[in-house]
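See structure below.
The values are calculated or read from the model by the stated rules, or taken from the named source; none is laboratory data. Just so it is clear, the structure is predicted and the values come from calculations on it, not from any experiment. Backbone-built Cβ (ideal geometry, glycine too); neighbour counts: all protein chains shown.
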Amino acid sequence: MIQALANRMAEFVVKNDDSANREVLAYGFGLIVSSMMTYIVVLGSAFILGVIYEVLIAILVFSVMRLTIGGSHANSRIVCFIVYSSVLYSSVFLSSILNLNVFAIAALYIVNVMLLVVYAPADTAQQPIVKGKLTRKVLGLIFTSLFFGFALLIPGRQTEANILLLMATFTCVSLHPLVYRVSGCKTSKQGGVLE
Amino acid sequence: MKKTIVSIMKKSGEKVAQVPANVRSWPTGWNQPEMPSALRKQMKETDKQ
């Protein structure tokens, strides 16, 4: 449905502008429409449930981390939407009941740093990361440290602190080869792109 | 009016399509196997530079 709509939008532009590339436009419109639909559903439901502020924090952390370190992707739009919404909502609802002490936070931080050092940045066969790997790894470590630092430095804001910790952890876990295997996603190395 | 709409649509569609090719990720993106050949070619050329 989304791609059919994106194709129709691309067709409309190409009919009125000969210089437009139908394939590129359909791809771009596909991204716009699917992202808009995802955010309308996620933010709309968050508004109804009264957790819009928490969901916005979760989206911010998720976006910053994923754009920097990459990670596994789902193989279909519907699976992507279900996993994305589940990750956002589970972090928001878990954050309101979890009470992590300093030692648990430190253990979580060490696990995340290890995942980042070993696996970041993690790409896909479709979008290989060839350049700036070290920069992405360092940025991933900096952002993770910042999120954990903020979480420790905002007393009385347990929910927000937990969202930062959980979302940073979810994105770091998505780098692990086991997550790639479960989601059926291949890295550029596994896909033979970089050989 | 129609020209303006077409122009805005063209620009936004092209710009958004460039993002996964440049950033190599899309936060809400699934594993798109059908990335356009023009963008795949552009990615390879960028990587060679």
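Observations on the structure shown:
- Selected residue (criterion: nearest to the other protein chains (Cβ to nearest Cβ)) from residues of the stretch A:21-58 that are small (Gly, Ala, Ser) and crowded, with 19+ Cβ neighbours inside 10 Å: A:28
- Subset of the stretch A:108-127 that is among the polar types (S, T, N, Q) and in contact with a strand residue (DSSP E or B) (Cβ under 9 Å, 6 or more places away or on another chain) - its residue that is surrounded by the most Cβ atoms within 10 Å (Cβ to Cβ): A:124
- Among the residues of this structure, residue A:125 does not count as one that is within 14 Å of chain B (Cβ to nearest Cβ), closer than 27 Å to residue A:55 by Cβ and under 18 Å from the mean Cα position of the chain (by Cα).
- When A:85, A:45 are screened for being within 16 Å of the chain's Cα centre (by Cα) and among the polar types (S, T, N, Q), only A:85 passes.
- Checking A:144, A:135, A:169 one by one, the residue that is among the polar types (S, T, N, Q), over 12 Å from residue A:72 (Cβ atoms) and exposed (fewer than 15 other Cβ atoms within 10 Å of the Cβ) is A:135 and no other.
Here is a yes/no grid of residues against (1) modelled with pLDDT of 85 or more; (2) more than 15 Å from residue A:126 (Cβ to Cβ); (3) more than 7 Å from chain A (Cβ to nearest Cβ):
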{"residue": "B:6", "(1), (2), (3)": "yes, yes, no"}
{"residue": "B:9", "(1), (2), (3)": "yes, yes, no"}
{"residue": "B:13", "(1), (2), (3)": "yes, yes, no"}
{"residue": "B:17", "(1), (2), (3)": "yes, no, no"}
{"residue": "B:21", "(1), (2), (3)": "no, no, yes"}
{"residue": "B:25", "(1), (2), (3)": "no, no, no"}
{"residue": "B:31", "(1), (2), (3)": "no, no, no"}
{"residue": "B:43", "(1), (2), (3)": "no, no, yes"}
{"residue": "B:47", "(1), (2), (3)": "no, no, no"}
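- Qualifying position, being closer than 23 Å to residue A:183 by Cβ and surrounded by 14 or more Cβ atoms within 10 Å (Cβ to Cβ), among A:69, A:105: A:69
- Residue within the stretch A:29-37 that is out of contact with any Leu (no Cβ under 6 Å at 6 or more places or on another chain) and more than 27 Å from residue A:87 (Cα to Cα) present: no
- Residue A:23 more than 27 Å from the chain's Cα centre (by Cα) and of a type outside the set (Ser, Thr, Tyr): no
- Boolean, residue A:130 is touching a residue at least 40 places away in the same chain (Cβ under 8 Å), within 14 Å of chain B (Cβ to nearest Cβ) and either buried (at least 17 other Cβ atoms within 10 Å of the Cβ) or among the hydroxyl-bearing types (Ser, Thr, Tyr) (or both): no
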